[in-house]
């Protein structure tokens, strides 16, 4: 799982530019799928096979990113978020991170920066953190022309660029939201016995989830199905400054069955079936309600499709150092296989 997740998470895939991720998944899924296709909006669909109700298992390919909005005369790149809103203040985790810009002439490395240290004004020191308009990327260019010569321009996207690493049984890196879901689907595919499937199984890797569930909005029109299971990063509260009563989920205690998030109540019958399978197979699970959170499942419910959300507990979400536990991922694979045979 570590090698699989490393290969997927280190690929660049900001919203609207997920091609590298989808190409890798086509390689991973294509040899074992009955059919596989890339839709006009960029979703990757794979028909795995089996008989029974039509089930779609969904994870998203895109990751949190940045997009260049202008270039200063000195060659610095002013950026904003690839998410829906710029109004919220960037997290404290943003400045100082290595980034990779997907320029027109190839990738360009840089660092996400803001004013720091000795040159900060008194007013800047009093702030809780920088605003979006105070963040820029430094690629070492000496002028706007030098940045343009590198293939960089307004509209160029960037992603964080740290390597994935193991810390004992913990895995830490960028884009685990939602490459963990894609890695779980990929590993599950390697061990499935199609003759035992109780469903007509499809996989979907969606695009532009982070800007408002855009790719998922067309899934039902592309391939109608009876219900879906969404795999996405979860939340965890087992760190300082988070109260257990607000988020009782912990790493290493099993995947999370999510009952509600900011957008939707998930299908209780599906949740109950997953819980029953977990009890029968002696697979640990956790139950939770997620706030300030959404998944492709909300858009699927709007289309009239019952949806459940299964998520590995994840620390430090929407940061360059998201963290999961390898045993939670193994339990997700085991639970999904047991569910598909049930």
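Okay, here's what the table says:
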| item | result |
| --- | --- |
| Rotationally averaged projected area of the range 1-152 (alpha carbon convex hull; nm²) | 12.6 |
| 0 to 90° range, to nearest 10: angle between helix 19-30 axis and the chain longest Cα axis | 20 |
| Calculated on alpha-carbon atoms, Rg and Dmax of the range 66-160 in Å | 13.1, 41 |
| Distance between modelled label sites at residue 259 and residue 276, nm, 7 Å Cα→Cβ extension | 1.8 |
| Span from the the range 197-260 Cα centroid across to the the range 59-84 one, whole angstrom | 25 |
| Fraction of beta bridges assigned by DSSP in the chain that are antiparallel (%, nearest 5) | 70 |
| Using a Förster distance of 30 Å, the FRET efficiency for residue 122-residue 166 (Cβ separation, nearest 0.05) | 0.10 |
| Most fluctuating residue given options 131, 209, 326, as computed from a GNM of the chain linking Cα atoms under 10 Å | 131 |
| D_trans [Stokes-Einstein, Kirkwood Rh over alpha-carbon pairs] for the range 214-342, 25 °C, 0.890 mPa s, µm² s⁻¹ | 163 |
| Pairwise Cα inverse-distance average, inverted: Kirkwood Rh of the chain (Å) | 20.8 |
| Helix 326-341 axis, angle to the chain major axis (alpha carbon atoms, nearest 10°) | 40 |
| C-alpha long axis of helix 176-191 to longest principal axis of the chain, angle in ° | 30 |
| DSSP-defined antiparallel bridges as percent of all bridges, the range 243-342, nearest 5 | 55 |
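Quick note: the coordinates plus some simple rules give every number you see, no bench work behind them. The shown structure was predicted, so the numbers you read here are calculated from the model rather than taken from an experiment. All Cβ positions, even for glycine, are placed from backbone atoms using ideal geometry, and neighbour counts span all protein chains on display.
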